[in-house]
Amino acid sequence: MTPISLYNTLTNRVEPLDPVHPGEIRMYTCGPTVYAFAHIGNFRTFVFQDVLRRFLHSQGYRVLQVMNVTDVDDRIIQAAGAAGVGIREYAEKYLQAFLGDLAALHIQTPEELVRATDHIEDMVALIEKLQQKGLTYTSDGSIYFRIAGFAGYGKLSKIDLAGIQPGARVDVDQYEKQDARDFALWKAPKPGEPFWETRIGPGRPGWHVECSAMAMKYLGETLDIHTGGVDLAFPHHENEIAQSEAATGKPFVRHWLHAEHLIIDGQKMSKSLGNFYTLRDLFAKGQKPSTVRFLLLSVPYRRQLNFTEDGLTQAKNSVERLRNFLARLKAPKFAAGTNPEVQKRIEKAERDFDAGLADDINTAVALAATFDLVRDINTAMDREALLQQDALRAVAAMEKFDGILAVLADDDDATLRELGIGSAQPRLDAAQVETLIEERNAAKRRRDFPRADAIRQQLADSGILLEDAKDGSVRWKYK
RNA sequence: GGCGCGGUACCCAAGUGGUAAGGGAGAGGUCUGCAAAACCUUUAUACGUGGGUUCGAUUCCCACCCGCGCCUCCA
């Protein structure tokens, strides 16, 4: 296991990862609120979390990841009401869409994907615990957490409590709070809204309490890692810390990881600016899942990622280079044996790749190591210095890298078809392509190049590219 | 105002107290019937600006400018 260091928002420093349970990482990731399709910014964070978990896995850790699905909140209640269905049913539709999106981006499903409404009892129990400790108060049937009762409040976000005063920018809405900084653990039912009858009274959970309750239920009172977007640090994660630590008296999380936001063409993504995209929007515009994943992971997570058309083009070309390389490597036509020089190159690439990720998940460094390998091995192949065992070893290295990058599989078309986004006109199947290639080969043999080129063009029109190898073989691939 | 991220070549981007990884794009070349792929060469006297520390700073310190985010629901 390479020693891993991660930036910790709690301390503003890069610190060694030191799991509570040796050999195992228990991490909680803030998931989606399923009131609509998740947007591309959400997936920047989710792809990061996926890279993190895949890397931990590759380093030999057992990973226990819990992701919440918020399926009760104001937006869902409102949207479900407008649609005339229950919140459970309404949320289900977008939960399924979310799962489809995760699969499209090759984001592994966490060990536990948990819905808030399946854990009301756990939340009630946590709230009761806080009540017993005198850290709550009730107002108009709602239960609030008294921030003044938790000394560590603000330690994550370094927020200036004095700066948060009632009135100005704080929501002094429908709920009566003693202090603007206090937050709702339990919201009293309002007419027409769904609610649960519980020991602490009728109502529904506040947002923050679900994460504390579910995280501790599945992962224990102290988690190794908790991640989310930077916007969640305050107030969401700050409140989670307050609730959890006030209840248990133990540190809630060792490592807080926050992914920086994605911006679009230099601007915040927002509906009002008209630059708001879901994954499906991008796919419908012809982008491939692998392109999007590559772009999202190519910029290290603590940097804002400027999402642009040009960036997509660059990502697409980069993925193409990796795929071309792997295909070339797999053509089994190398002389038997091993070249020590080549072996050393491969080992170096592997070391650099792991070292990059071990240093706060520096994906840019890991990609550089990957492309170093591509260039070195391509050069060796051109010089006929690559032997069969080298090729196998290089393939293994690439597959190891792709265990984390997850962009090499040429399954973009299939993925899109599963989402119902694929192109309407069916592409030629492999047999048809092979037949045309044979025809073209025949034309080439009799030096009928116009005919050969016409066939190549015909294939190109169907989205298929040909590559003639030196030995006369022809490789084809989808554009 | 507070907290945070960042300003490196045409674009994306890594990085270090001793003189700039990687990718994309462009240009030239090799190979090829032509392509494609690949390889080779090439594209930052220089890392926002101005000071300071130092033998030496892009890297440390100070100030300033600019971009973005959070501080209210938000990945």
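The values are calculated or read from the model by the stated rules, or taken from the named source; none is laboratory data. Keep in mind that what you see is a predicted model, and the values were worked out from it rather than measured. When we count neighbours, we look across all protein chains shown, and the Cβ atoms used for this are built from the backbone with ideal geometry, even at glycine. SASA here: full protein model, heavy atoms, side chains in, ligands and nucleic acids out. Shrake-Rupley method; radii C 1.70, N 1.55, O 1.52, S 1.80 Å.
Descriptive notes on the structure:
- For segment A:441-466, a residue qualifies if it is without any contact (Cβ under 8 Å) to a residue 24 or more places away in the chain and open to solvent by less than 90 Å² (accessible area, probe 1.4 Å), and the qualifying residues are A:442, A:443, A:444, A:448, A:449, A:452, A:453, A:454, A:455, A:458, A:460, A:465.
- Residues in segment A:51-87 that are part of a helix (DSSP H, G or I) and surrounded by fewer than 15 Cβ atoms within 10 Å (Cβ to Cβ): A:74, A:75, A:78, A:82, A:83.
- Just so you know, in segment A:359-379 the residues that are open to solvent by less than 10 Å² (accessible area, probe 1.4 Å) and more than 30 Å from residue A:14 (Cα to Cα) include one that is nearest to RNA strand B (Cβ to nearest atom), and it is A:374.
- Segment A:36-45, residues that are open to solvent by 10 Å² or more (accessible area, probe 1.4 Å) and outside any loop (DSSP other than H, G, I, E, B): A:39, A:41, A:42, A:45
- Residue satisfying condition, being in contact (Cβ under 8 Å) with a residue 12 or more places away in the chain, within 11 Å of RNA strand B (Cβ to nearest atom) and out of contact with any Leu (no Cβ under 6 Å at 6 or more places or on another chain), within set A:329, A:305: A:329
- If only residues of segment A:131-171 that are open to solvent by 30 Å² or more (accessible area, probe 1.4 Å), modelled with pLDDT of 85 or more and outside any loop (DSSP other than H, G, I, E, B) are counted, the one that is farthest from RNA strand B (Cβ to nearest atom) is A:132.
- Single residue of A:336, A:369 found to be in a loop (DSSP other than H, G, I, E, B) and in contact with a helix residue (DSSP H, G or I) (Cβ under 6 Å, 6 or more places away or on another chain): A:336
- Flag: residue A:341 does not match the condition of being more than 8 Å from RNA strand B (Cβ to nearest atom) and either closer than 30 Å to residue A:225 by Cβ or not in a helix (DSSP H, G or I) (or both).
- Note on segment A:109-130: among residues that are open to solvent by 60 Å² or more (accessible area, probe 1.4 Å) and in a helix (DSSP H, G or I), the one that is farthest from residue A:70 (Cα to Cα) is A:129.
- Helices (runs of 4 or more DSSP H) fully within segment A:220-299 that include at least 2 residues being in the same structural domain as residue A:360 (by TED's automatic domain parsing) and either under 30 Å from residue A:127 (Cβ atoms) or more than 9 Å from RNA strand B (Cβ to nearest atom) (or both): A:279-284, A:289-298.
- Scan of segment A:389-411 for residues that are farther than 30 Å from residue A:296 by Cβ and open to solvent by 50 Å² or more (accessible area, probe 1.4 Å), ordered by number: A:389, A:392
- Helices (runs of 4 or more DSSP H) (entirely within segment A:404-479) containing at least 1 residues that are at pLDDT below 90, within 25 Å of residue A:295 (Cα to Cα) and of a type in the set (Phe, Trp, Tyr): none
- Checking each residue in segment A:380-394 for being part of a helix (DSSP H, G or I) and near RNA strand B (Cβ under 8 Å from one of its atoms) picks out A:381, A:382.
- Considering segment A:1-35, and only residues there that are of a type in the set (Ser, Thr, Tyr) and out of contact with any Ser or Thr (no Cβ under 7 Å at 6 or more places or on another chain), the residue that is least open to solvent (accessible area, probe 1.4 Å) turns out to be A:28.
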